[in-house]
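Structure first, commentary second.
The values are calculated or read from the model by the stated rules, or taken from the named source; none is laboratory data. Computed from a prediction, not measured in an experiment: that's the story for all the values here. Glycine gets a Cβ as well: all are built from the backbone with ideal geometry, and neighbour counts include every protein chain shown. To get the accessible areas, we keep the full protein, side chains included, count just its heavy atoms, and leave off ligands, DNA and RNA. Shrake-Rupley method; radii C 1.70, N 1.55, O 1.52, S 1.80 Å.
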Amino acid sequence: TVYTVSDKASDPEAQALADRENLSDQFAGMVIKDDNKEVTDILIDLIRRETHTFSMSFAHTLVGQLSTSVGLINNPQRSAGFKVLKAPDVPSVLVELGYLSNAKDEAQLLNAEWRGKAAQSITNAVALFASARAGAGTGG
């Protein structure tokens, strides 16, 4: 599954996962405070919008690359309010390769060939995304 940030989760499962992960971030002392200055908020909002567009584009590329090498779930591109994805200026996704509580997923994660395919797909997606950004004149 490839997650991008969203104020509204794509489904209840994504929301539940984000809630659990965000709660663990709070316990680790990682509390994100928003700046209340109006102009700063507007500028940050504009940056977030552009960053969100980049994140969605990369997520689409990543799902495409992973789909050619490893099995994906139905609806593999999801979104939720993960705090780890909320940097306003860094396109980001959260990749979930499997669950250790699932025997099939665990076997795949322990398989070096499968991990290599997954890693290569992620590498390919990053290269394609960076190349597209450089080609668009954004400097990567």
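Just one of the listed residues (L66, L100) is in a helix (DSSP H, G or I) and farther than 19 Å from D11 by Cα, and it is L66. Of all residues in region 89-108, those that are touching a residue at least 12 places away in the same chain (Cβ under 8 Å), surrounded by 15 or more Cβ atoms within 10 Å (Cβ to Cβ) and over 11 Å from the mean Cα position of the chain (by Cα) total 2. Of the residues making up region 73-88, those that are without any contact (Cβ under 8 Å) to a residue 60 or more places away in the chain and open to solvent by less than 70 Å² (accessible area, probe 1.4 Å) are A87, P88.
Looking across region 109-140, the residues that are β-branched (V, I, T) and surrounded by 12 or more Cβ atoms within 10 Å (Cβ to Cβ) come down to I122, V126. Contact annotation: residue pairs with Cβ atoms under 7 Å, 6 or more positions apart or on different chains, pairing a residue in region 2-16 that is within 25 Å of D45 (Cβ to Cβ) and part of a strand (DSSP E or B) with a partner that is among the aliphatic types (A, V, I, L, M) and modelled with pLDDT under 85, are Y3/A14.
A18 meets each of the listed conditions (1) closer than 17 Å to V93 by Cβ; (2) at pLDDT 80 or above apart from (2).
Are any residues in region 55-69 touching a residue at least 24 places away in the same chain (Cβ under 8 Å) and surrounded by fewer than 18 Cβ atoms within 10 Å (Cβ to Cβ), and if so, which ones? Within region 55-69, M56, S57, G64, T68, S69 meet the criteria.
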